[in-house]
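Below is a structure I'd like to ask you about.
We did not get these values from a lab; they are worked out from the coordinates using the rules stated. All figures in this text were calculated on a predicted structure; none of them were measured in a lab. Glycine gets a Cβ as well: all are built from the backbone with ideal geometry, and neighbour counts include every protein chain shown.
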Amino acid sequence: GAGVSQTPSNKVTEKGKYVELRCDPISGHTALYWYRQSLGQGPEFLIYFQGTGAADDSGLPNDRFFAVRPEGSVSTLKIQRTERGDSAVYLCASSREYSGANVLTFGAGSRLTVL
Amino acid sequence: AQKVTQAQTEISVVEKEDVTLDCVYETRDTTYYLFWYKQPPSGELVFLIRRNSFDEQNEISGRYSWNFQKSTSSFNFTITASQVVDSAVYFCAFRGGYSSASKIIFGSGTRLSIRP
């Protein structure tokens with residue numbers, strides 16, 4: 001697609017529920033990143049994929065968070081047993097390939113609210 | 001450890017004033033990249049500029065200019081003759097070179113408000 005697409009744009013769930021957030025990167029972009037942005041803060045790195053594999057998942061806060069990218073394109077961020085502290089905007093970004101110089105193009109984000 | 005600091009949390013100026021947003025970074029890498037992103041009220045992060053550690057030339061793009069100084073580990077952003085449409089949150093970001101983590105680390109952002 002022309003840009004990075006994220007769905008849903010808004011998700012409200014109850015504490016303890018399971019949530020999936022989807023990211024569709026720009027066509028041809030092999031690198032895909034997930035960030036989390038809390039109110040008034042900068043984006044916080046969660047995980048990045050080069051192709052199908054997670055090359056760096058050091059930012060995932062705990063084992064309730066998991067992400068997959070089975071075919072090297074669309075990615076899904078999965079959150080189990082959601083907690084109120086998980087409320088944030090989850091941003092996805094992609095770039096043409098992994099390289100320090102490459103610029104990330106971000107999606108509009110998925111706003112998660114855990115009640 | 002790598003770190004990006006944007007000490008200015010909020011700045012408010014009157015339209016047509018010049019404004020500078022500060023960014024200081026910490027790293028031991030010799031190869032790295034610095035970025036500025038803009039996040040308007042709509043929420044989507046928009047790329048503004050990238051600089052690599054070997055190029056200290058200042059850059060100007062219209063009303064925007066960037067001052068990169070390795071000696072002070074700073075990468076400041078100046079908007080000349082500010083306009084209301086410049087109102088947004090601006091993020092400075094850092095990325096280590098090929099041998100280090102691939103993630104981009106963002107500062108906490110500076111909220112810029114331009115008053116008419």
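Just add up the charged neighbours of A:Ser58: K/R +1, D/E -1, any other residue whose Cβ is under 13 Å from the Cβ of A:Ser58.
Working: positive: B:Lys103; negative: A:Glu44, A:Asp56, A:Asp57.
Result for the neighbourhood of A:Ser58: -2.
Next question, about the same structure. Taking B:Lys103 as the anchor, which lysines have their alpha carbon closer than 25 Å to its alpha carbon, excluding any fewer than eight residues away along the same chain?
Partners found: A:Lys78, B:Lys3, B:Lys38, B:Lys70.
Then there's this: Please state the relative contact order of chain A as a whole percent: Cα pairs under 8 Å, 6+ residues apart?
Values: 299 pairs, mean separation 42.1, N = 115.
Relative CO of chain A lands at 37 percent.
Given a Förster distance of 25 Å, report the FRET efficiency between A:Arg81 and B:Val84 from their Cβ-Cβ distance, rounded to the nearest 0.05.
Numbers: r = 44 Å, r/R0 = 1.77.
Using R0 = 25 Å, I get an efficiency of 0.05.
So what is the relative contact order of chain B, in percent, for Cα pairs below 8 Å that sit 6 or more residues apart? Kindly include the intermediate steps, with their values, before the conclusion.
Details: 281 pairs, mean separation 43.1, N = 116.
Reported as a whole number, the value is 37 percent.
Considering the dipole of chain B built from charges on the beta carbon (Lys and Arg +1, Asp and Glu -1) around the Cα centre, which of B:Tyr64, B:Gln6, B:Ile105 is farthest to its positive end?
Sorting the options by dipole projection puts first B:Ile105.
Right, here's the next one. Please average, across the residues of B:87-96, the number of beta carbons from any other chain that are within 10 Å of each residue's own beta carbon, and give a whole number.
Numbers: counts 0, 0, 2, 0, 3, 1, 3, 0, 6, 1.
Shielding by partners across B:87-96 averages 2.
Let me ask another. Taking the Cα centre of chain B as origin, sum charge times position over the Cβ atoms of Lys and Arg (+1) and Asp and Glu (-1), and report the length of that vector in debye to the nearest 20.
Details: 12 positive and 12 negative charges, 56 e Å.
Dipole of chain B, to the nearest 20 debye: 260 debye.
Another question about this same structure. Just checking the output field for A:35-41: average partner chain Cβ neighbours within 10 Å of each residue's Cβ? If you can, show how the numbers build up before the last one.
Numbers: counts 4, 0, 6, 0, 0, 5, 4.
That average works out to 3.
Further question on the same structure: Taking the Cα centre of each part, how many Å lie between segment A:16-53 and segment B:13-63?
22
Which aspartates and glutamates does A:Lys15 reach when only Cα atoms under 13 Å apart count, and residues fewer than 8 places away in its own chain are ignored?
Correct list for A:Lys15: A:Glu83, A:Asp86.
Mind checking the mean number of beta-carbon atoms from other chains within 10 Å of the Cβ atoms in A:51-57? Before the final figure, lay out the partial values.
Working: counts 0, 0, 0, 0, 3, 3, 0.
What the average comes to for A:51-57 is 1.
Here is a further query. Can you give the extra length, in nm with one decimal, that the chain gains between B:Lys16 and B:Tyr64 once fully stretched, where that is 0.36 nm per residue apart less the Cα-Cα distance?
Value of the extension gain: 16.0 nm.
For segment A:52-92, just the Cα set please: Rg and Dmax, both in angstrom.
Cα-based Rg and Dmax for segment A:52-92 come out at 11.0, 31 Å.
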